[in-house]
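A.B. asks: The structure is given below, and queries will be raised subsequently.
The values are calculated or read from the model by the stated rules, or taken from the named source; none is laboratory data. It should be emphasised that the depicted structure is a prediction, and the values quoted were computed from it without experimental measurement. Here Cβ is always computed from backbone atoms with ideal geometry, including for glycine, and neighbour counts include all displayed protein chains. SASA here: full protein model, heavy atoms, side chains in, ligands and nucleic acids out. Shrake-Rupley method; radii C 1.70, N 1.55, O 1.52, S 1.80 Å.
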Amino acid sequence: MEAIIRPNQDSAAHLVARIIAKELRAHPSLVLGLATGRTMEAVYRVLVRMHQHEHLDFSLCRTFNLDEYVGLAPSDPHSYRYYMNRHLFNHVNIDKRNTHLPHGTAKDLEAECRQYEEKIARCGGIDLQLLGIGAAGHIGFNEPLSALRSRTRVKALSPITVEQNADLFGSAAKVPRRAITMGVGTILDSRRCLLLATGEEKAGVIALAVEGPITSMISASALQLHARCTVVLDEPSARQLQESDYYRWTFENEPEWEEFR
Ligand code: F6R
């Protein structure tokens, strides 16, 4: 795992967007894993700008989102399909038939989860998986005690996650109680993982995920097992890391990051 610390939220989101853009330019038919949430909005804003002003081409790109709420139709403004259309897909030249999210209203949820895994496999697996981290330490909706080998399935949201998302729904009571989410194992199968966290409220959980022991209590800590995982942070979210000087040194000195400095 590598941690990169940028001065603020904007520069962190910008770096993430540039990493995605570089991969997409090198592999136009990239299979891109996507995340939703407040943190990602800044990344999608930059990607849309890159499409509009720098010819970033999504025409061959295929996408798989991490998760979707059970019971929400794509037309529901709280659904993640709606979020993705609104923040990214409607503004770039992606073919919507190549964009995939689990169907939260599927009659047979188990079959839906199985088919989602099969679709990912048919596309050859995920090349680059974008991730956020929740207050409960989750990636996707892999709540505490999610098996580190778990695959796409229905998960009950933890009270911390319900609370985290209450504002978006108007109140905690309106937040759906379950979601379909890629499993930790599904995420670890991607060829590259890129996690973005910003803001002081993520500092505690970031320290646990990056420098703490690998535990199913903090599913993001499983990323320590991944051979190619980059965690991009702003200063406030990095505040509780013990080895931040080393991470800064790496970013300044590793040739891989030269073009991004
Ligand atoms: C959503 C997802 C979640 C969020 C996480 C952070 O698709 O996968 O893991 O990334 O809950 O959400 P924000 O950015 O709203 O703090």
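A.B. asks: Per q in 0.11, 0.17 1/Å, what log10 I(q)/I(0) does a Debye calculation on the alpha-carbon atoms of segment 65-193 return?
C.D. replies: Debye output, listed in q order: -0.37, -0.92.
A.B. asks: Highest mean first, how do 165-173, 132-140 rank when packing is the count of other Cβ atoms within 10 Å averaged over residues? Numbers along the way, then the final one.
C.D. replies: Values: 165-173: 12.3, 132-140: 24.6.
In decreasing order of mean packing, 165-173, 132-140 become 132-140, 165-173.
A.B. asks: Dividing the alpha-carbon radius of gyration of segment 1-128 by 2.2 N^0.38 Å (N being the number of residues), what value is obtained?
C.D. replies: 1.08
A.B. asks: I would also like to ask the following. Largest first, what is the accessible-area ranking of Ser79, Ser244 with a 1.4 Å probe?
C.D. replies: Largest to smallest exposure gives the sequence Ser244, Ser79.
A.B. asks: I'd like to know which of Ser219, Cys229, Ala209 lies farthest towards the positive end of the charge dipole of segment 204-261, counting +1 on Cβ of Lys and Arg and -1 on Cβ of Asp and Glu.
C.D. replies: Ser219
A.B. asks: Based on Cβ point charges of +1 for Lys and Arg and -1 for Asp and Glu, what charge dipole magnitude is obtained for segment 1-144 about its Cα centre, in debye rounded to the nearest 20?
C.D. replies: Approximately 440 debye in magnitude.
A.B. asks: Rounded to the nearest 10 Å², what accessible area does Leu145 have for a 1.4 Å probe in the complete protein model?
C.D. replies: Approximately 120 Å² of Leu145 is accessible to the 1.4 Å probe.
A.B. asks: Note down the magnitude of the dipole of the chain about its Cα centre, charges +1 on Lys and Arg C-beta and -1 on Asp and Glu C-beta and zero elsewhere, to the nearest 20 debye. If you can, show how the numbers build up before the last one.
C.D. replies: Values: 30 positive and 32 negative charges, 177 e Å.
Its charge dipole is roughly 860 debye.
A.B. asks: Fully extended, how many nm does the chain gain between Ala166 and Ser11 (0.36 nm per residue separation, minus their Cα-Cα distance)?
C.D. replies: Extra length from Ala166 to Ser11 when fully extended: 53.0 nm.
A.B. asks: Post the alpha-carbon centroid distance, segment 136-207 to segment 12-44, in whole angstrom.
C.D. replies: Here the answer is 19 Å between Cα centres.
A.B. asks: From the residues Ala179, Leu196, Val162, which one has its Cα farthest along the dipole of segment 160-261 in the positive direction, the dipole being from +1 and -1 charges on Cβ of Lys/Arg and Asp/Glu about the Cα centre?
C.D. replies: It is Ala179, whose Cα lies furthest towards the positive end.
A.B. asks: Could you give me D for the chain, from Stokes-Einstein at 37 °C and 0.692 mPa s, where the hydrodynamic radius is the Kirkwood radius over C-alpha pairs? Units µm² s⁻¹, please.
C.D. replies: For the chosen part, D equals 179 µm²/s.
A.B. asks: Next question. Magnitude of the Cβ-charge dipole of segment 138-261, K/R +1 and D/E -1, about the Cα centre, nearest 20 debye?
C.D. replies: Dipole about the Cα centre, nearest 20: 960 debye.
A.B. asks: Would you mind getting the Kirkwood hydrodynamic radius of segment 175-261 from its Cα pairs, rounded to one decimal in Å?
C.D. replies: 14.3 Å
A.B. asks: Here is a further query. Using alpha carbons only, what's the Rg to Rh ratio of segment 162-222 with Rh from Kirkwood?
C.D. replies: On the Cα set of segment 162-222, Rg over Rh gives 1.01.
A.B. asks: In what order, largest first, do Arg18, Arg6, Arg177 sit by accessible area if the probe radius is 1.4 Å? Don't skip to the answer; put the middle values down first.
C.D. replies: Numbers: Arg18 75, Arg6 45, Arg177 125 Å².
Sorted by accessible area, descending: Arg177, Arg18, Arg6.
A.B. asks: Once the whole set of protein chains is in place, how much accessible area is left on Glu258, using a 1.4 Å probe, in Å² to the nearest 10?
C.D. replies: The accessible area of Glu258 comes to roughly 120 Å².
A.B. asks: How big is D for segment 102-169, in µm² s⁻¹ as a whole number, if Stokes-Einstein is applied with the Kirkwood radius of its Cα pairs at 4 °C and 1.567 mPa s?
C.D. replies: Value of D from the Cα-based Kirkwood radius: 95 µm²/s.
A.B. asks: Could you give the accessible area per residue of the chain, probe 1.4 Å, as a whole number in Å²?
C.D. replies: Ligands and nucleic acids excluded, the result is 45 Å² per residue.
A.B. asks: Using only protein heavy atoms and a 1.4 Å probe, report how much of Ile187 is accessible, in Å² to the nearest 10.
C.D. replies: Taking all protein chains as shown, Ile187 has close to 0 Å².
A.B. asks: Using the Cα centre of segment 73-142 as origin and beta-carbon charges of +1 (Lys, Arg) and -1 (Asp, Glu), tell me which of Ala106, Ile126, His87 is placed farthest towards the positive end of the dipole.
C.D. replies: Projecting each Cα onto the dipole axis, the largest value belongs to His87.
A.B. asks: In segment 1-110, what percent of the accessible surface is made up of carbon and sulfur (1.4 Å probe, ligands and nucleic acids excluded)? Mind showing how you got there, number by number?
C.D. replies: Working: 2340 of 4970 Å².
Ligands and nucleic acids excluded, carbon and sulfur give 47 percent.
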